[in-house]
Amino acid sequence: MNTSLDWADAAGAAVYQVFLSTSANLAEFVFQGNTPASTWGPLSLQAGTTYYWRIVAKNDAGTTPSEVWYFKTRAEDVTPPVTDNCPDDPNKT
């Protein structure tokens, strides 16, 4: 499952640091990288998982962290495959 993160530009930001976690505990957030754009991704994510993320805007004057945002990925489709029990039926469409 792939997705991208997008956020509003911060006035004066030269670069954004991206942090992501499956825990709301800030100490467990993992640094993903730096970007000059207000988007990051695509991210390869696990299905049925809640993710927490935040951005830290940086410039020569310092840093400004965002609030923590979160989202949940959809659960995997666990519908069993259809089994064709009559492969030789001429009336199938």
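Here, each number is a calculation from the coordinates, and none is a lab measurement. Note that the coordinates shown come from a computational prediction; the quantities given were computed from them, not determined experimentally. So basically every Cβ, Gly included, is an ideal-geometry build from the backbone, and we count neighbours across all protein chains shown.
Using a Förster radius of 22 Å, what is the FRET efficiency between Ala37 and Lys72 based on their Cβ-Cβ separation? Nearest 0.05, please. E between Ala37 and Lys72, to the nearest 0.05, is 0.35. If R0 is taken as 25 Å, the Cβ-Cβ distance between Leu26 and Asp60 corresponds to a FRET efficiency of 0.50.
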